[in-house]
Amino acid sequence: MAPHSHNSPSWDQKLGVDGANLPRGSAADPVGRFHVVRQRGGRPIAVSAWRITTDDHAIADALGGVYGGVPQLLGTGDERVVEVLTCCDRVPVLLDGRGAVSLRMVRRGPGETFHVRDGTRFLEPAGPRGSLCGCPTNLADRKAAARAGRGPMPEVRIGFRLADLPELGVFSFVSTSWELAAELPALAAALEVAVVPALGVLRCELVEFITRSGLAVSYRRPVVEVDRTQVLAQDAVRLAA
């Protein structure tokens, strides 16, 4: 789609996993949310370009004007959510430093959240909060535990403004992608030394491969990148000082 003009025990702590350092409004009350899937008949269906939802019709119109797509009102009970299926699989974004990203591990069941961890200690519920959770320090081991039904899934949260429409406010993207979780420490490190706000890109990347049994598989995975020229420029300033 054409675009518009960890294995260390401390890697969780570097990300502000409780979400407290996210930009204002990005977690609690964003103006809109980005998605890589949509619901159809109660089942998630992957989309080939970014899907954005908002409860503000003016914002939806602005998004459609820049990224393509016709705003559509979704029937969601009392809430009036507008959906924009854009024509872009990459969107330039502005990230407000390392606090723009966070990671926590969440164990959910049908209609409820059992507990939330930061990879070392419980965050929710209130009872065990602060006590050791016993999660493996290695991300691969965490993934194996989750697949076996014994461990939580990652919940990556990213808050950002749109480089094309910064005046609209802060948007958010929430993902359970293990790949994105694995890449988050490097992203946080890049944001720590980049100028603020850091110019980045949010991509909906197509992944295709053939399984050992010969089955063709394709899916879209979220990717967040920071403009490396900003990081290099900031490093040069620090060295000169």
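Just so it is clear, none of the values below were taken in a lab; they were calculated from the coordinates. Bear in mind that the values here come from a model prediction, so they are computed numbers and not experimental data. Glycine also receives a Cβ, built like all others from the backbone with ideal geometry; neighbour counts cover every protein chain displayed.
Quick notes on this one:
- Counted charge near Ser172, where neighbours are those whose Cβ lies closer than 9 Å (Asp, Glu -1; Lys, Arg +1): +2
- Cα gyration tensor category, rounded, prolate or oblate, for the range 164-232 with a/c compared to 1.5: prolate
- Residues whose amide H falls under 5 Å from that of Gly169, counting only those 5 or more places apart or on a different chain, are Leu162, with hydrogens built in the peptide plane.
- Summed side-chain charge close to Glu208 - residues other than Glu208 whose Cβ falls under 12 Å, Lys, Arg +1, Asp, Glu -1: +1
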